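Asks: Please find one structure pasted underneath; my questions will follow.
The values are calculated or read from the model by the stated rules, or taken from the named source; none is laboratory data. Just so it is clear, the model here is predicted, and its values are computed rather than measured. No Cβ is skipped: glycine too gets one built from the backbone with ideal geometry, and neighbour counts run over all protein chains shown.
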Amino acid sequence: MQLLLIHSDYIEYQTKKQTPVAEKIEESLKSGRLEEALTAFTAVESVDELNPEEAIEKAVSEIEKVAAQVKTDRIMLYPYAHLSSDLSSPKVAVEVLKGIEKALSGKFEVKRAPFGWYKAFTVSCKGHPLSELSRSIRPEGTAKAVCKTVAVEEKEEVVSEALKAEGTARSYWRILTLDGELHEVESFDLTPYPKLQKFVNYEMSKSRAVERAPPHVELMRRLELADYEPGSDSGNMRYYPKGRLVKSLLENYVLDVATDFGAMEVETPIMYDMNHPTLKKYLDRFPARQYSIESDKRQMFLRFAACFGQFLMNHDMTISYKNLPLRMIEMTRYSFRKEQRGELVGLRRLRAFTMPDMHTLCEDMDQAVNQFKQQYDLCIDVLENMGIHVDDYEVAIRFTRDFYESNKDLVISMAKTVNKPVLVEMWDTRFFYFVLKFEFNFVDALDKASALSTVQIDVENAERYDISYASADGKLERPTVLHCSPSGAIERCIYALLEKAAMETEEGKVPMLPLWLSPTQVRVVPVSEKHLSFAEEFSKKMDCRVDVDDRDLSIGKKVREAGREWVPYVVVIGDKEIEEGTINVTVRSESEQNKPKKVQMTPEELNTRIKEETAGKPYRKLPLAKYLSARPKFF
RNA sequence: GCCGUCGUGGCUUAGCGGUAUAGCGGCUGAUUCGUAAUCAGCAGGUCGGGGGUUCAAGUCCCCCCGACGGCUCCA
């Protein structure tokens, strides 16, 4: 059955002429009007004939749900054959319509327009998004009930077909355990895996009640990392020097890792022609909303990933099988997605974000699968080095049924690698461009989940972009393409680190960023002005981001503020240090709340310690004045 | 996009019909100090923007903007 539901100021109809299938009606029903009503345009279809009772029940339930949403208690049931090309017999249609009318009439004021008449009608639609909804109702069994919800947009918003298709994609959820078994989610005991449970709830039940703002929002401001920018569009943030530093370090780290992995860094435009034939098709296959802008007479869109630029580049390249697997990466600053307003929160979901986007061209599916495995391991490693451990996220693996049937071992090995059950989603048919993908989903302090790293096997775009390589026997072949974001969005990594720190604070731990990401690594606190020159001397020996708190404040206050800034090493310098030549270091990573851990060491020892802890990680200089007295406050 | 809550100096905030509180921060001065807030003084606000009601509006009403939460949606 097809339903088109219109929340209207009023609906009015007038019968004109009978068709051969017209039902016999009283004079009073030949016209009708209902104010403030939900009008349900209904087409009963041939599949409904199998089980009319069920069709009635489902339709009633859908109508009731929508009526509750738009808060109306009047319903106009309006037969509308043009909603379907596969109609039921008129007899069944009338039976179903009457059934719906009867079931609704207890709770609502219901009117039903007569079946089988040509009618003139006027409907005044309220125009809010929920005011125009369509529902497809399918009987259980033949094709599991899929209720399609497509808000009919009153404005010309660009919503890709893929985005719409997602509403109709039919999928099965399972838990995959280490023994390779797939379990029904409902009957699987998730209590030993609280985080997975939260993630599963988040994905499936969509119950996301939250009683407070996410803690990272306060932290990103207090640590002077990032802030909202009222002068821009929502979801476009400003980053203060410390935030820019942390982002640079993370970006450089991912680029370094990708380079070691064999990827070539490239840069591609941020805007593209919406009417470019290849891009246009791709837009319709990617579930995202775009910003569109005008340039001269051309309609452009802002990229939401680096796929476009890299694929267009690949298209023009001469590639031999000897060059495969061929990897390219771009740190997209920015990728733009015009997310809905209500979805934007702090650094978790943005409209402009930095995404490391790597693509790998592979000879065939075998090589792709092999690469996929390697990149899966790579992603785990990248997050681990950022301070996000396997315990901090849950794995989701999504694939088509066909792919799974022929690659069970791969999927099972992925669960084994992380040594815990994973959530699996399987599609009967391929709705998207990929046949396999995974994401690592970080579960935050409020039990919300968001995807970080992801890898996908793309079987569509080589063809679409006409990318080819010369095989050993000289023929042109289509590569299989992998999409990979080793860390996920950089801003989202910061969000995850801050949320993790907030959760640790709640557990009574002392929060901090990994040393290599800490803006200030060593803070020097001279006891009084006369120790300042020695503090300066000491700071010069430090081979890291060191600053000096030369403000005229008590020691207690300066130490407290260093703590509030999560400074990993705090060194107080006074007469004793000058005499003895050793320093007293407060080590944050070994401290407990209200119990600072203080260690006596030489400047050289501290230097060595920091070098070891940051080995292999990128380094950037302190982007702020060394003396705190010379530093502005950002808010 | 819809519904709800909120929006007072750089930050946090009191006031909820009679032209505005306090703390932090800033500035000035004193203090030269040993690990979670040294003392004193000064400056800084047409209470998110616009419109309306009233003799009188942060305070009541309407519209807009922004943030947060829910719905919806999603890497």
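Asks: Select, from A:562, A:502, the only residue that is within 17 Å of residue A:223 (Cβ to Cβ), near RNA strand B (Cβ under 10 Å from one of its atoms), part of a helix (DSSP H, G or I) and hydrophobic (A, V, I, L, M, F, W, C).
Replies: Sole residue among the options that is within 17 Å of residue A:223 (Cβ to Cβ), near RNA strand B (Cβ under 10 Å from one of its atoms), part of a helix (DSSP H, G or I) and hydrophobic (A, V, I, L, M, F, W, C): A:562.
Asks: Applying the selection to segment A:429-462, what residues are within 15 Å of residue A:493 (Cα to Cα) and in a strand (DSSP E or B)? Show your work before the answer.
Replies: First pass over segment A:429-462, keeping only residues within 15 Å of residue A:493 (Cα to Cα): A:439-445, A:448-454.
Those that are within 15 Å of residue A:493 (Cα to Cα) and in a strand (DSSP E or B): A:439, A:440, A:441, A:442, A:443, A:449, A:450, A:451, A:452, A:453, A:454.
Asks: Separate question: Test residue A:523 against the stated conditions and say whether it is more than 8 Å from RNA strand B (Cβ to nearest atom), farther than 24 Å from residue A:225 by Cα, surrounded by 12 or more Cβ atoms within 10 Å (Cβ to Cβ) and at pLDDT 95 or above.
Replies: No: the conditions fail for residue A:523.
Asks: Oh, and also: Applying the selection to segment A:367-403, what residues are assigned to a strand (DSSP E or B) and more than 16 Å from residue A:449 (Cβ to Cβ)?
Replies: A:399, A:400
Asks: Filter segment A:586-604 down to the residues that are surrounded by 11 or more Cβ atoms within 10 Å (Cβ to Cβ) and among the acidic types (Asp, Glu) and list them by number.
Replies: Listed by number, the list holds a single entry, A:590.
Asks: Could you identify the single residue in A:488, A:508, A:474 that is buried (at least 20 other Cβ atoms within 10 Å of the Cβ) and on the phi > 0 side of the Ramachandran plot?
Replies: None of the other options fit; the residue is A:488.
Asks: Has segment A:318-336 got any residue that is within 16 Å of RNA strand B (Cβ to nearest atom), touching an Asp or Glu at 6+ places or on another chain (Cβ under 7 Å) and not in a strand (DSSP E or B)? Full working, then the answer.
Replies: Step one: filter segment A:318-336 for residues within 16 Å of RNA strand B (Cβ to nearest atom), giving A:329-336.
Filter once more, keeping what is touching an Asp or Glu at 6+ places or on another chain (Cβ under 7 Å): A:329-332.
Next, only the ones that are not in a strand (DSSP E or B) stay: none.
So far as segment A:318-336 goes, no, none of its residues is within 16 Å of RNA strand B (Cβ to nearest atom), touching an Asp or Glu at 6+ places or on another chain (Cβ under 7 Å) and not in a strand (DSSP E or B).
Asks: Hey, among the residues in segment A:15-46 that are touching a helix residue (DSSP H, G or I) at 6+ places or on another chain (Cβ under 8 Å) and modelled with pLDDT of 80 or more, which one's surrounded by the most Cβ atoms within 10 Å (Cβ to Cβ)?
Replies: Going through segment A:15-46, the residues touching a helix residue (DSSP H, G or I) at 6+ places or on another chain (Cβ under 8 Å) turn out to be A:15, A:21, A:23, A:38, A:40-44.
Filter once more, so that each one left must be modelled with pLDDT of 80 or more: A:38, A:40-44.
Working: A:38: 27, A:40: 27, A:41: 22, A:42: 28, A:43: 20, A:44: 30.
Top of the filtered list is A:44.
Asks: I've got another one for you. What number of residues in segment A:538-558 are out of contact with any Lys or Arg (no Cβ under 9 Å at 6 or more places or on another chain) and within 21 Å of residue A:515 (Cβ to Cβ)?
Replies: Total meeting the criteria: 4.
Asks: Read through the list (1) crowded, with 22+ Cβ neighbours inside 10 Å; (2) under 30 Å from residue A:580 (Cβ atoms), then give the number of the only condition that residue A:479 fails.
Replies: With (1) crowded, with 22+ Cβ neighbours inside 10 Å; (2) under 30 Å from residue A:580 (Cβ atoms) applied to residue A:479, the lone miss is (2).
Asks: Filter segment A:526-549 for residues that are surrounded by fewer than 20 Cβ atoms within 10 Å (Cβ to Cβ) and not in a helix (DSSP H, G or I) and give the result.
Replies: A:527, A:528, A:542, A:543
Asks: Are there any pairs, at least 6 apart or on different chains, whose C-beta atoms fall under 7 Å, with the first in segment A:249-262 and assigned by TED's automatic domain parsing to the domain that holds residue A:485 and under 20 Å from residue A:621 (Cβ atoms) and the second among the aromatic types (Phe, Trp, Tyr) and buried (at least 18 other Cβ atoms within 10 Å of the Cβ), and if so, which?
Replies: If the second residue must be among the aromatic types (Phe, Trp, Tyr) and buried (at least 18 other Cβ atoms within 10 Å of the Cβ), the pairs left are A:249/A:516.
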